[in-house]
Amino acid sequence: MLFEDLKISNLVVGQQDSIKEVLEAITYNCQGTAIVVDDSFSVVGVVSDGDIRRFLLRGNRLTSPVSEAVNLNPVFLQAGEQAEAEIKQLFENHPGVTIMPVVDKDNRLVDVVVRNRILT
């Protein structure tokens, strides 16, 4: 994986990482989801264990790049001063979402918000 030295590395995978590598990251992060980024750290999308399961059931392989299974329209936050109440509301409006990427104006990942840290 590309971002092993980062604090959030178990939540972030590269778009060329294999499905197997992404499943390992999702298993380790216990969130059921990973954020997929390109080489410039721009968010490509989000992939869940369910997305991967459906991808594999269509006959695809564990060696395929995750870019072939990614959800290209994730729920995300723009970097800035979001109130905790706003973030809680987003999670409540999207009950299946466990993590949200926080991106800058250039769509680069700057942070990750995790549901169980916000709603507890």
Report task. Mind listing just one residue for me: the one in segment 3-22 that is buried (at least 17 other Cβ atoms within 10 Å of the Cβ) and at pLDDT below 90 and, of those, farthest from Ala69 (Cα to Cα)? Result -> Phe3
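Yes/no per residue for (1) farther than 18 Å from Gln16 by Cβ; (2) modelled with pLDDT under 95:
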position: Gly32; (1), (2): yes, yes
position: Phe41; (1), (2): no, yes
position: Val46; (1), (2): no, no
position: Arg61; (1), (2): no, no
position: Ala69; (1), (2): no, no
position: Phe76; (1), (2): yes, yes
position: Ala83; (1), (2): yes, yes
position: Ile99; (1), (2): yes, yes
position: Asp104; (1), (2): yes, yes
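The values are calculated or read from the model by the stated rules, or taken from the named source; none is laboratory data. The model shown is predicted, which means the values in this text are computed figures rather than measured ones. All Cβ positions, even for glycine, are placed from backbone atoms using ideal geometry, and neighbour counts span all protein chains on display.
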